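The values are calculated or read from the model by the stated rules, or taken from the named source; none is laboratory data. Keep in mind that this is a model prediction, so the values were computed, not measured. Cβ placement follows ideal geometry from the backbone for every residue including glycine, while neighbour counts extend to all protein chains displayed. Surface accessibility is based on the protein's heavy atoms, side chains included, excluding ligands, DNA and RNA. Shrake-Rupley method; radii C 1.70, N 1.55, O 1.52, S 1.80 Å.
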Amino acid sequence: VQLQASGGGLVQAGGALRLSCATSGQTFSSLTMAWFRQAPGKEREFVAAARWNGHIYYGDSVKGRFTISRDTPKNTVYLQMNNLDAADTAVYYCAVGSPALSALGNVDVYRHWGQGTLVTVSS
């Protein structure tokens, strides 16, 4: 099973980026696909999740600015990030697992992770 994240880069504050995470090796239609991020010196933070049933959840810091979507036939998950701020600077990771609703933000319950893609927002 492999997850390949892409789309990171340098963007000015107020700008936008779209991250992609392509998966292979397994069908993920019955699993949750999620994005986390980790800034230097900080713990990995939950960003967004798209559950197998179509329900979507966001971390408080990105609500209203980020949008997660998944293309199930392509086993790909996207993260559209708008109105970026310097505080969004981090390495973004995609993950796949089957967490309970109460554990969506728990990194330990995701069994597969991508390699991360760096997003840098200049102020």
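Return the residue satisfying two criteria in turn: it lies in the stretch 59-77 and is among the hydrophobic types (A, V, I, L, M, F, W, C) and within 19 Å of Leu31 (Cβ to Cβ), and of such residues it is surrounded by the fewest Cβ atoms within 10 Å (Cβ to Cβ).
Kept after step one, since they are among the hydrophobic types (A, V, I, L, M, F, W, C), are these residues of the stretch 59-77: 62, 66, 68, 77.
Those left that are additionally within 19 Å of Leu31 (Cβ to Cβ): 68, 77.
Values: Ile68: 22, Val77: 29.
So the residue we want is Ile68.
Pick from the stretch 3-50 the residues that are of a type in the set (Lys, Arg) and open to solvent by 40 Å² or more (accessible area, probe 1.4 Å): which of them is nearest to Asn75 (Cα to Cα)?
Arg18
Could you grab me the full set of residues in the stretch 94-123 that are open to solvent by 40 Å² or more (accessible area, probe 1.4 Å) and either among the hydroxyl-bearing types (Ser, Thr, Tyr) or farther than 21 Å from Gly41 by Cα (or both)?
Hits for the stretch 94-123 are Ser98, Ala100, Leu101, Ser102, Val109, Arg111, His112, Thr120, Ser122, Ser123.
Among (1) under 21 Å from Val121 (Cβ atoms); (2) touching a strand residue (DSSP E or B) at 6+ places or on another chain (Cβ under 7 Å); (3) not aliphatic (A, V, I, L, M), there is one condition Lys42 misses while meeting the rest; what is its number?
Checking Lys42 against (1) under 21 Å from Val121 (Cβ atoms); (2) touching a strand residue (DSSP E or B) at 6+ places or on another chain (Cβ under 7 Å); (3) not aliphatic (A, V, I, L, M), the one that fails is (2).
What pairs can you find where one residue is in the stretch 70-82 and among the hydroxyl-bearing types (Ser, Thr, Tyr), the other is open to solvent by less than 60 Å² (accessible area, probe 1.4 Å) and outside any strand (DSSP E or B), and their Cβ atoms are less than 7 Å apart, with a gap of 6+ or different chains?
Hits for this filter: Thr72/Ser29.
Taking the stretch 7-52 as the region of interest, how many residues are at pLDDT 95 or above, in contact with a helix residue (DSSP H, G or I) (Cβ under 7 Å, 6 or more places away or on another chain), within 18 Å of Leu104 (Cα to Cα) and not aromatic (Phe, Trp, Tyr)?
1
So which residues in the stretch 8-51 are assigned to a strand (DSSP E or B), of a type in the set (Gly, Ala, Ser) and under 16 Å from Ala86 (Cβ atoms), if there are any at all?
Across the stretch 8-51, the qualifying residue is only Gly9.
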